[in-house]
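Let me begin by presenting the structure, written as structure tokens, before commenting on it.
The values are calculated or read from the model by the stated rules, or taken from the named source; none is laboratory data. Source: prediction; values computed, not measured. Glycine gets a Cβ as well: all are built from the backbone with ideal geometry, and neighbour counts include every protein chain shown.
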Amino acid sequence: MLIEIQEEYIDSRLIDQVVQSLEKGNLLIYPTDSVYAIGCDLYNKKALANLARFKNVKLSKAKFSIICSDLSHLSEYTKHIDRPAYKILNRNLPGPFTFILNATNEIPRLFDSNKKEIGIRIPDNKIIKAIVERLGRPLVSTSLHSDDEIIDYFTDPYEIFERHEKDVDIIIDGGTGKLEASTVVDLTNGEPIIIRQGIGILET
């Protein structure tokens, strides 16, 4: 199903529809402030397994990120963040960044893995922010594209729908996506290390 949601006017009924789908364990394709992404409810094991299958990886080996609505949720999923690192997060989020942080024991439990790190995203996009807020917990997220290859069709919701309508329950048309992914920054040792330069320009 393809549904249109405009950032300028968030229809709460459509947000409710999306959240109900996520709660049933379905996958969702949605816009961010960089490329279109695919994700699911962090606390739904069936959905996590399906997301890993979509990306053709084992869940225990998957490098998925989680999308939070704001920084207040981080303490559940990341270990203590020192003041300099928190300032970097605060300056750059919401924004097109994925920050790699040290994970709490909750993360390996959820992913059936020995993951010690987790990618955190807080996109500057009102649609996905509204969804996460209504859901009340993070989404697991990964870019729709594979590796670093972003083909033009990944920016067009209608073409995405034609290719993936059988893979997910809902695809959100939030307008044309971008061709550049988020900037990935490793903050596990306190000092920011840029792992992948993407659309975001880091302020330190």
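Whether a residue is under 17 Å from the mean Cα position of the chain (by Cα), surrounded by 17 or more Cβ atoms within 10 Å (Cβ to Cβ) and charged (D, E, K, R) was assessed, and Arg134 does not pass this test. In the set Lys178, Lys166, Lys129, only one residue is at negative phi and without any contact (Cβ under 8 Å) to a residue 60 or more places away in the chain; that residue is Lys166.
The residue that is surrounded by the fewest Cβ atoms within 10 Å (Cβ to Cβ), among those in the range 58-73 that are closer than 21 Å to Asp167 by Cα and out of contact with any helix residue (DSSP H, G or I) (no Cβ under 9 Å at 6 or more places or on another chain), is Lys63.
Among all residues of the range 26-46, there is none that is surrounded by fewer than 22 Cβ atoms within 10 Å (Cβ to Cβ), touching a residue at least 40 places away in the same chain (Cβ under 8 Å) and part of a strand (DSSP E or B).
The residues of the range 25-66 that are of a type in the set (Val, Ile, Thr) and touching a Pro at 6+ places or on another chain (Cβ under 8 Å), listed by number, are Thr32, Ile66. Any residue at all in the range 117-125 that is surrounded by fewer than 18 Cβ atoms within 10 Å (Cβ to Cβ), acidic (Asp, Glu) and part of a strand (DSSP E or B)? Within the range 117-125, one or more residues are surrounded by fewer than 18 Cβ atoms within 10 Å (Cβ to Cβ), acidic (Asp, Glu) and part of a strand (DSSP E or B).
Every condition in (1) closer than 20 Å to Glu7 by Cβ; (2) of a type in the set (D, E, K, R); (3) touching a residue at least 60 places away in the same chain (Cβ under 8 Å) holds for Asp156 except the one numbered (3). In summary, Asn114 fulfils each of the numbered conditions (1) at pLDDT below 90; (2) over 15 Å from Ser34 (Cα atoms); (3) in a helix (DSSP H, G or I); (4) more than 17 Å from the chain's Cα centre (by Cα) with the single exception of condition (3).
To keep it simple, each residue is scored yes or no on (1) among the β-branched types (Val, Ile, Thr); (2) closer than 20 Å to Pro157 by Cα; (3) out of contact with any Ser or Thr (no Cβ under 8 Å at 6 or more places or on another chain).
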{"residue": "Ile5", "(1), (2), (3)": "yes, yes, yes"}
{"residue": "Ser21", "(1), (2), (3)": "no, yes, yes"}
{"residue": "Lys24", "(1), (2), (3)": "no, no, yes"}
{"residue": "Val35", "(1), (2), (3)": "yes, yes, no"}
{"residue": "Ala49", "(1), (2), (3)": "no, no, yes"}
{"residue": "Phe54", "(1), (2), (3)": "no, yes, yes"}
{"residue": "Phe64", "(1), (2), (3)": "no, no, no"}
{"residue": "His73", "(1), (2), (3)": "no, no, yes"}
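Residues that are closer than 11 Å to Ile29 by Cα, of a type outside the set (Phe, Trp, Tyr) and at pLDDT 90 or above within the range 130-171 comprise Ser141, Thr142, Pro157, Ile160, His164, Glu165, Asp167, Val168, Asp169, Ile170, Ile171, listed in sequence order. Here Leu14 fits the description: farther than 18 Å from Leu144 by Cα, of a type in the set (A, V, I, L, M) and without any contact (Cβ under 8 Å) to a residue 40 or more places away in the chain.
From the list Glu76, Glu8, the one residue that fits, being at pLDDT below 95 and in contact with a helix residue (DSSP H, G or I) (Cβ under 7 Å, 6 or more places away or on another chain), is Glu76. On the stretch given as the range 1-46, residues that are under 25 Å from Ile107 (Cβ atoms) and hydrophobic (A, V, I, L, M, F, W, C) total 11.
As a summary of the residue check, Ile88 satisfies the conditions (1) over 19 Å from Ile170 (Cα atoms); (2) surrounded by fewer than 20 Cβ atoms within 10 Å (Cβ to Cβ) except for the one numbered (2).
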